[in-house]
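To start, the structure under review is shown below, and the notes come after it.
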Amino acid sequence: MGCMHAFVWGETHPEFADALMPLACEPTAIVGRNRLWRTMLKDAIRADPAWQGGEYDAQPVQGLRVAVDLLVLAGGAPMPLQRDLATPEAVDTYAKTQIERRLPSLDANDLWFQVNASTGYDPSADLEKITAPVTWINSADDFINPPELGLSEQFAPRIAKGRYRLIPNSVEGRGHGTHTWARFWKDDLVELLARSELAAR
């Protein structure tokens, strides 16, 4: 279950889950920079003449190249990128490699709808309805959910059985993808399962 789905399900069906562990999101509308890069990505796809209103025979490659560039930036982490791409040549090679690796697996319409799917997302009004134990974790190196906005600290107190933790920035981080590496949060999961077991007794 995705992070945003966890908040939506938690408040829409409070009895559905014994525990919730949202990773890498905020329980509020997609606005600001987060919506901006998504809008740019969608516009790039549809502005490519090869898109043909979505009825293309071949992928609109120019639009998808821009989309890949935005995905790389939005998903990247500054500290490991600074370490690993320490020369202009390394940066150029990495950018080219990302296009070559990602482009063949993308479908323009699929990607457009994936990015557009969160347009109406905003569970912020009903967070108090969440009754399950919650461990919510974001990472400090996440371009998509930047901690300096203070959103997590604003919303976390409204979740009755919620605990929030921010993974510190480090060269080991993976930006928005930090949440896919269990070593960053496995201890939190163990603690959450123990809490949910106690709550069920």
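The values are calculated or read from the model by the stated rules, or taken from the named source; none is laboratory data. Computed from a prediction, not measured in an experiment: that's the story for all the values here. Cβ placement follows ideal geometry from the backbone for every residue including glycine, while neighbour counts extend to all protein chains displayed.
Tabulated values for the structure
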| item | result |
| --- | --- |
| Residue identified as out of contact with any Asp or Glu (no Cβ under 9 Å at 6 or more places or on another chain), under 23 Å from Leu41 (Cα atoms), outside any strand (DSSP E or B) and outside the structural domain of Ala67 (by TED's automatic domain parsing) among Asp187, Asp110, Asp92, Asp142 | Asp142 |
| The listed residue being under 30 Å from Gln154 (Cα atoms), part of a helix (DSSP H, G or I) and at pLDDT 95 or above, out of Leu103, Leu70, Leu64 | Leu70 |
| Which listed residue, of Gly54, Gly76, Gly32, is touching a residue at least 12 places away in the same chain (Cβ under 8 Å), surrounded by fewer than 17 Cβ atoms within 10 Å (Cβ to Cβ), of a type in the set (Gly, Ala, Ser) and within 17 Å of Pro146 (Cα to Cα) | Gly32 |
| In the range 35-51, residue surrounded by the fewest Cβ atoms within 10 Å (Cβ to Cβ) [restricted to those that are of a type in the set (Lys, Arg) and closer than 21 Å to Pro146 by Cα] | Arg35 |
| Subset of the range 10-45 (residues that are among the β-branched types (Val, Ile, Thr) and touching a Lys or Arg at 6+ places or on another chain (Cβ under 9 Å)) | Thr12, Ile30 |
| Count of residues meeting criterion [at pLDDT 95 or above, under 18 Å from the mean Cα position of the chain (by Cα) and not aromatic (Phe, Trp, Tyr)] in the range 157-173 | 4 |
